[in-house]
Each structure stands twice: as structure tokens, then as C-alpha cells.
Amino acid sequence: YSFHFYIYKLIKPITITTVPNNRDIEKEINFFAEDYVNHFNKISGRDELRQFVDVYIKAFPDIKRTIEDILVEGNKVANRYRVKGIHQGEFMGIAPTGKKVEVNGIVISRFEDGLIAEEWDLWDTDSFLKQLGLKEFPV
């Protein structure tokens, strides 16, 4: 999983490639407030965020995230992104399929004291499931 905070000040689309062996997750986590909240993914705090990122890295080790659009207003940043990767590890109860996925999403981030304090992240779960050959997430 590649975070979008590196590119907030860029005007053009950018692709971020995640290479798990070369990642510094702690450096990325430090861009988020201690009491960070993601309303879509039900994440509260850096520890839960760290666990969430680890799940993505294990499930999609070749993940690439391309930021298509960025809008800034006050202390909020919105970006439209596209994520591509091969499903190689367990993800949200779904066993590895080896299938390629491409998913679009939008995230709104609220900054406080220079850190991401809160996010609303929506992605195309229906398309994601179809690409994996599923109709719904396992219970």
C-alpha cells in the first residue's frame, strides 16, 4: 500500500511503487497524527494504521498507486487514485488468487499541525471483488 502524502504538492499524476524490502513503514506512519482516524476503514491511531498497511503489503507486494487528481482547500486535500497489483497474499479473508486487480478510489485527508489527522477513503469494492471472481467479501 502506498500512501499519498508524498505527492500532495505535485500538480501532475504520479505513480508510487511499493517495494516491501525497501520500505520504511515507520517513516510513512510518522506523516499521520497519533490519533489519526480513517472513517471508511475504521482505523484509529497509528498502531491500527501500521497493521492495516502491513495487510496491504503482504496481500499486494507489487502494488502501484497512481494519483490522478489532487484538490486542496484549506486544511483538506482530496485525491483521486488508481491502484494496481497482483493478489499474492490473504486480504480481508480472501485467499491469494494470483489475479491482477486495478481499483479506483477517492480520499479526502484533513491535516492538523502538518500531519494527516483524519481521512475519508472510498474505493470501488465491487470492481475489486469482480476482478477476484467474488460477489462479496467472505464473512
Which residues, taken from the stretch 80-117, are of a type in the set (Ser, Thr, Tyr) and farther than 17 Å from Asp69 by Cα?
Thr97
Which strands (runs of 3 or more DSSP E) does the stretch 29-139 wholly contain that include 2 or more residues that are aliphatic (A, V, I, L, M), on the phi > 0 side of the Ramachandran plot and surrounded by 16 or more Cβ atoms within 10 Å (Cβ to Cβ)?
none
If you scan the stretch 113-134, which residues turn out to be within 20 Å of Ile43 (Cα to Cα) and out of contact with any strand residue (DSSP E or B) (no Cβ under 6 Å at 6 or more places or on another chain)?
Asp113, Gly114, Thr125
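None of the figures in this text is laboratory data; all of them are computed from the coordinates on show. All of these numbers come straight from a predicted model, not from anything done at the bench. Quick reminder, even Gly has a Cβ in these numbers, built from the backbone with ideal geometry, and neighbours come from all protein chains shown.
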